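Right, one structure below, let's go through it.
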Amino acid sequence: MAILEILHYPDPRLRNEALPVEEVDLEIKKLVTDMFETMYDAPGIGLASIQVNVPKRVIVVDITEEHEQPLCFINPEIISKDGEEEMDEGCLSVPGFYETVQRADKIRVKALNEKGEEFEMDAEGLLSVCIQHEIDHLDGKLFVDYISPLKRNRIRKKLEKDSKKSGRKVL
Ligand code: K1U
Ligand code: ZN
């Protein structure tokens, strides 16, 4: 098990598009284990592989306080959407900022689990929003892309300053 480094906006590697997983092998299973550990340690309610600089289509989610509903989605696809929902979103790659984003309220998602088995599930509310946020990461998209350029630039400048102060590499 390992805690992975989470990339911070505006790191350009967050804009990479993740490629489909061909086979759920030991390497992917270890990635899933490490992603859960990293998400719980952060702490967060979701994490996408792109955030730990692995461009493969893997996300993990657990919206419960007690860590009792760990969900892993490999090659996730939203097959239906319904309704609209506005929610304040945060992101482990954009630490310290929360902004309101509008997304679908209900979704049906198809994916492989950590055993490589295909499954479908319905999600609504926070779970639905979190899955949509994580799938956006796999396509190189961040929640700041939904807000005004003015707010986005303020966030970028603040995080660039923080990265320089902390000695984090700014690419
Ligand atoms: O993708 C990420 O960076 C994870 C992100 C997921 C998310 C949060 C809120 C709305 C949509 C997607 C986070 O987990 S940010 C941290 C957070 O929300 C949280 C942390 C601890 C307890 C509860 C929530
Ligand atoms: Zn995020």
Within region 63-78, the residues that are outside any loop (DSSP other than H, G, I, E, B) and within 17 Å of E114 (Cα to Cα) are L71, C72, F73, I74, N75, P76, E77
In the set K164, K169, the lone residue that is more than 15 Å from the chain's Cα centre (by Cα), in a helix (DSSP H, G or I) and modelled with pLDDT under 95 is K164
Please go through region 65-102 and pick out each residue that is within 26 Å of R152 (Cβ to Cβ) and open to solvent by 80 Å² or more (accessible area, probe 1.4 Å). K81, E84, E86, D88, Y98, Q102
Scanning for something assigned to a strand (DSSP E or B), among the basic types (K, R) and over 18 Å from L127 (Cα atoms), does region 54-62 turn up at least one residue? yes
When you scan region 33-59, how many residues do you find that are closer than 21 Å to R15 by Cβ, open to solvent by 60 Å² or more (accessible area, probe 1.4 Å) and within 13 Å of ligand 1 (Cβ to nearest atom)? 0
Give E117, E77 a once-over and let me know the one that is at pLDDT 95 or above and more than 17 Å from the chain's Cα centre (by Cα). E117
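The values are calculated or read from the model by the stated rules, or taken from the named source; none is laboratory data. Just so it is clear, the model here is predicted, and its values are computed rather than measured. FYI the Cβ positions are ideal-geometry reconstructions off the backbone, even for glycines, and counts take in every protein chain you see. These accessible areas exclude ligands, DNA and RNA; they are computed on the full protein's heavy atoms, side chains included. Shrake-Rupley method; radii C 1.70, N 1.55, O 1.52, S 1.80 Å.
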